[in-house]
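Below is one structure, written out as structure tokens; the observations come after it.
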Amino acid sequence: QVTLVESGGGLVQAGGSLRLSCTASGSIFGNNPMGWYRQAPGNQRELVARISTSGSANYADSVKDRFTISRDNAKNTVHLQLNSLKPEDTAIYYCYINLYGIPRWGQGTQVTVSS
């Protein structure tokens, strides 16, 4: 059984910042790829950022230079720093951990950016 718990979402004005965190617990062995997706109303879930076990990161073009993903392997935790937020960043943000090719998801945290 694996559980992911996210935190840090909220309401912020355009141009503001938020920091999302996600901690995975349960039957997890070693380090595993982690990342964040988001889903806005009426849209498909899209990849925001992902980070490998070695710390190599990839970002969606829409968030490059604004968002930063990082991880703490000892705590099975992944963070997402969201800067220069825009109204179009409004979505539910889901973290995941990739365990042996199977993603496990958190419950999601709402990020709302007002204009």
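Some observations on this one:
- Karplus (6.51, -1.76, 1.60) ³J(HN,Hα), θ = phi - 60°, over the range 37-44, in Hz, Gly and Pro reported as x: 10, 9, 9, 9, x, x, 10, 6
- Where the chain is the region considered: accessible area per residue in Å², 1.4 Å probe: 52
- Taking all protein chains as shown and a probe of 1.4 angstrom, Arg71 keeps an accessible surface of around 40 Å².
- Overall, the accessible surface of the chain at a probe of 1.4 angstrom is composed of carbon and sulfur to the extent of 47 percent.
- Available extension along the chain between Tyr100 and Ser114 is 1.2 nm, counting 0.36 nm per residue and deducting the alpha carbon span.
The values are calculated or read from the model by the stated rules, or taken from the named source; none is laboratory data. The shown structure was predicted, so the numbers you read here are calculated from the model rather than taken from an experiment. What goes into the accessible areas is simple: the full protein's heavy atoms, side chains included, and nothing from ligands, DNA or RNA. Shrake-Rupley method; radii C 1.70, N 1.55, O 1.52, S 1.80 Å.
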